[in-house]
Every structure is written in structure tokens, then in C-alpha cells.
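To keep things clear, I will list the structure first and then write my remarks on it.
The values are calculated or read from the model by the stated rules, or taken from the named source; none is laboratory data. Predicted model only: the values in this text are computed from it and were never measured. All Cβ positions, glycine included, derive from the backbone under ideal geometry; neighbour counts span all protein chains shown.
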Amino acid sequence: MSESLANSPAVSAASVVNRGIGLCLLAMLVFACQDAITKVLVQGLPVAQLIMVRYWVFVVFALIYAHLRGGLNAAVRTRYPWLQLLRSLLSVGEIAIFSLGLRYLGLAESHALFAMFPLLAMALAGFVLGEFTGLRRWLAAAVGFAGTLVILRPGLGLFEPAALIPLSAALAFAVYNLITRLVSREDGFTTNMLYMAVVGCIASTAFGLPVWQAPSQGEWGLMGVLALTGVLAHLLLVKALEYAPAGVLQPFNYSLLVFAILIGLLVFGELPDAWTLVGAALVVAGGFYAIGARKLINISAV
């Protein structure tokens, strides 16, 4: 009985999905560790230099990947060259902005504010993609916005202008996601990744070389780890999506905030205050409510 149950299609499908969830969680942990390394490096090195080194490694990986997945000639073809350029610049800009924010803010506060990006993307989807938003999803966005206000506390004499940096990164990443959804109607993963790597490499090099500072031996090591783990994290996400649908994995992306809080506490001794924790909880609650609302919309459309 137990053997037949273990070999049943339902159990096998569940184990495959669980594998995808595990890989997604591992990717979020790697991203959180990356941000911790970035926070260390940005104290002494220019942000543009760090981004440039990351993209040098990323473009090598992307070129090899594209070559193995049908060749560069096929990967470079796109119906949306200008949109590909824009989304690639938004990607490198978002990384640079968020990295800059880590120079002034803790990991927990930065990620609590950056967690607004799915709600921002949802709110903008109606204008950019013509997608139906609905009252439930607007309510979710309002809850997330309330959480952001709790973290920022404007008007109470505690507002930090630096808090606008991760919010700006969240907005850039939200627009990046919307454009990616638009171009992905015709362009595949390999094309999207290749443009992001090549354009990002050119842009980051243009800004990174003029401000280059000779790193110490330890900084070289950390930059190498940062670049390699960036590729690793994206590979883990790609593999996770092979095992589980994006809708299933989406809630687990919020584990990045949990990992950031734990690493901030253990590595940097950053203990987020009660306002930040309450605000982060509201942002995450808004995100989960938006996910639930989206499922209801999809079910009603069937």
C-alpha cells in the first residue's frame, strides 16, 4: 500500500514541485548572501566597479549559454530591440541603485522596502500591459503601501532620505518585470538573458572603468564570490521554474526578506526595530493577498 502510494503520479508530482520550492529558497538565500557581500564592498569601493565585475562574469556565462542553446545568431534575434535595450538598462540600474542603498541602510530595511516591487508591478500592469487589476489587487497594493509608510514614518522626524533608494530600485525592478513579460511573448529566455548581459556589461563598463580603484586581495576574493554567486542564483531560479510553476514559487520569493533579516542580525548585528518589522509584515501580507486575488481572477476566467 505504502509502496504504491509512493509511486503514484500525485506523490511524484508533489515531490517535483517541492524540489522546485527548495531550489527557489536556496536561490533566495544566495541572493541574501550576495547583498551581505555587497554591503561590505560598497563601504570602500565604487558601486559601478562592483557592478562592472559582476557583469563581466555574467556576459561570459550568457554567451556560452546562448552558444549551447541554438547559437548566438538565433539568440540575438528579437522583435523588440528597443524594449530589450530599455529592460537591460533598467536591470543594471536597479542593481546599482539597490547596492548604493546598502551603503546607508541595513539589509532588513532595504529588503523590506524593496519587497514593494511586486505590488508596484501589479499596479502598473494595467497601464503598461492593459491587464485587469481589480478591487482586490488595489486593496493589496494599499496594504503594501501602508507598510511602506510604517517603515518610512514620514512626518515623525524619523524619515531617512536614504530609504528612497531601495524604493527607487523597487520601482525600476517593477518596470523591468513588466517589460520582460511584454517581450517574453515573442522572445525566449536565452534572448532575454543575452541582451541583459551584453547591454549591462557595456553600460556598467562605461561607468565602472573611470572610477576604478585597486581592490585589496580580500576585496578581489569577495568580488569573485559576488560575481559567481550571481550566476549561481539565477541558474537555481531557472532550474526551480523547471520543477514548479512561477505562481507556486512566487510566495517563496518573500523568504529573501527573512534571510536578509537573519544575515543582517548575525553578520552585521543589525536588529530591525518594531516599526520596520510591522511594516515589512504589511508589505508581505499585501503581496500574499495580491497573489490570492490573482488566483481568484484566473479561476473565474476559466
_Could you check region 284-302 and list, in sequence order, the residues that are at pLDDT 75 or above and farther than 25 Å from Ile37 by Cα?_
Ala285, Gly286
*Mind checking which residues of region 177-205 are at pLDDT below 90 and among the aromatic types (Phe, Trp, Tyr)?*
Phe189
*Of the residues Leu209, Leu226, Leu236, Leu194, which single one is of a type outside the set (Gly, Ala, Ser) and surrounded by fewer than 18 Cβ atoms within 10 Å (Cβ to Cβ)?*
Leu209
*Output the qualifying pairs, or none if there are none: Cβ atoms under 6 angstrom, residues six or more apart or on different chains, first residue in region 96-108 and modelled with pLDDT of 90 or more, second residue surrounded by fewer than 24 Cβ atoms within 10 Å (Cβ to Cβ) and not in a helix (DSSP H, G or I).*
Ser99/Val42; Leu102/Val42; Arg103/Val42
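Name the one entry in Phe145, Phe159, Phe173 that is at pLDDT below 90, among the aromatic types (Phe, Trp, Tyr) and buried (at least 18 other Cβ atoms within 10 Å of the Cβ).
Residue meeting the stated conditions: Phe173.
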*Any residue at all in region 26-44 that is basic (Lys, Arg), assigned to a helix (DSSP H, G or I) and either touching a residue at least 24 places away in the same chain (Cβ under 8 Å) or surrounded by fewer than 20 Cβ atoms within 10 Å (Cβ to Cβ) (or both)?*
yes
_helices (runs of 4 or more DSSP H) lying entirely in region 47-109 (those with 2 or more residues that are more than 19 Å from the chain's Cα centre (by Cα) and farther than 21 Å from Arg181 by Cα)_ = 47-68, 72-75
*In region 45-97, which residue that is charged (D, E, K, R) and surrounded by 16 or more Cβ atoms within 10 Å (Cβ to Cβ) is farthest from Glu186 (Cα to Cα)?*
Arg54
*Considering every residue within region 175-187, establish whether at least one is within 26 Å of Met122 (Cβ to Cβ), basic (Lys, Arg) and assigned to a helix (DSSP H, G or I).*
yes
*If you check Val238 against the conditions, is it assigned to a helix (DSSP H, G or I), more than 28 Å from Gly147 (Cβ to Cβ) and at pLDDT below 80?*
yes
_Criterion first (closer than 22 Å to Val59 by Cβ and part of a helix (DSSP H, G or I)) does Leu194 satisfy it?_
yes
*Looking at (1) modelled with pLDDT of 90 or more; (2) surrounded by fewer than 22 Cβ atoms within 10 Å (Cβ to Cβ), which is the only condition Glu131 fails?*
(1)
*asked:* For region 75-95, give me the residue count where each residue is in contact (Cβ under 8 Å) with a residue 12 or more places away in the chain and more than 23 Å from Ala169 (Cβ to Cβ).
replied: 6
